[in-house]
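Scroll down for the structure; my scribbles are underneath it.
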Amino acid sequence: MKCHFCSGEMKKGNTTYTVNRSGYHLLIDDFPAWICLQCKEVYFEESAVDNIQLLIKSLDNQVNSVREAALECRSLSGKGVKQQVISMIETLPEAITLDDIMAELYFMKQVDVGLKELDDGKGLPHEEIEKRIARKCKGYGNN
């Protein structure tokens, strides 16, 4: 197989696959690919891209669900705690365990804390978060 850019030799290997979306960033290490030995251009096989697209669609749905939950929590913030908990429980499916309810309560609390921090101006810009993650990953030998 030859590279479409430089006609260099392609070799099967692994690379990092990165997706930047509104709401999340996906980074997959050791993703199978064809890599040009000359210009380092990367090509992915169609089946691998199809699988990634399915994963991204699933993640988009999950991110949207989290956003909706955060908006719901924010809309409940004007109510008393008891009413917030009752409203949250009413949205849950019938077949739910006490552990699931506790996890939802914890999530609701953490969203509330995060939203309050943002309201108080304690949030961090996206670029700062990326820098911190990069430094953290570097500390683990990933970069």
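The values are calculated or read from the model by the stated rules, or taken from the named source; none is laboratory data. Nothing here was measured: the structure is a model prediction, and the numbers come from that model. Quick reminder, even Gly has a Cβ in these numbers, built from the backbone with ideal geometry, and neighbours come from all protein chains shown.
The set of residues from the stretch 26-36 being over 16 Å from the mean Cα position of the chain (by Cα) and either outside any strand (DSSP E or B) or loosely packed, with under 13 Cβ neighbours inside 10 Å (or both) comprises just one member, Asp30. Looking at Asn14, Asn20, just one residue is in contact with an Asp or Glu (Cβ under 6 Å, 6 or more places away or on another chain) and of a type outside the set (Ser, Thr, Tyr), and that residue is Asn14.
Quick check: anything in the stretch 7-25 modelled with pLDDT of 85 or more, under 20 Å from the mean Cα position of the chain (by Cα), hydrophobic (A, V, I, L, M, F, W, C) and closer than 30 Å to Gly114 by Cβ? Within the stretch 7-25 (the criterion being modelled with pLDDT of 85 or more, under 20 Å from the mean Cα position of the chain (by Cα), hydrophobic (A, V, I, L, M, F, W, C) and closer than 30 Å to Gly114 by Cβ), the answer is yes, since at least one residue qualifies. When Met88 is tested against (1) closer than 30 Å to Val111 by Cα; (2) in a strand (DSSP E or B), exactly one condition is not met: (2).
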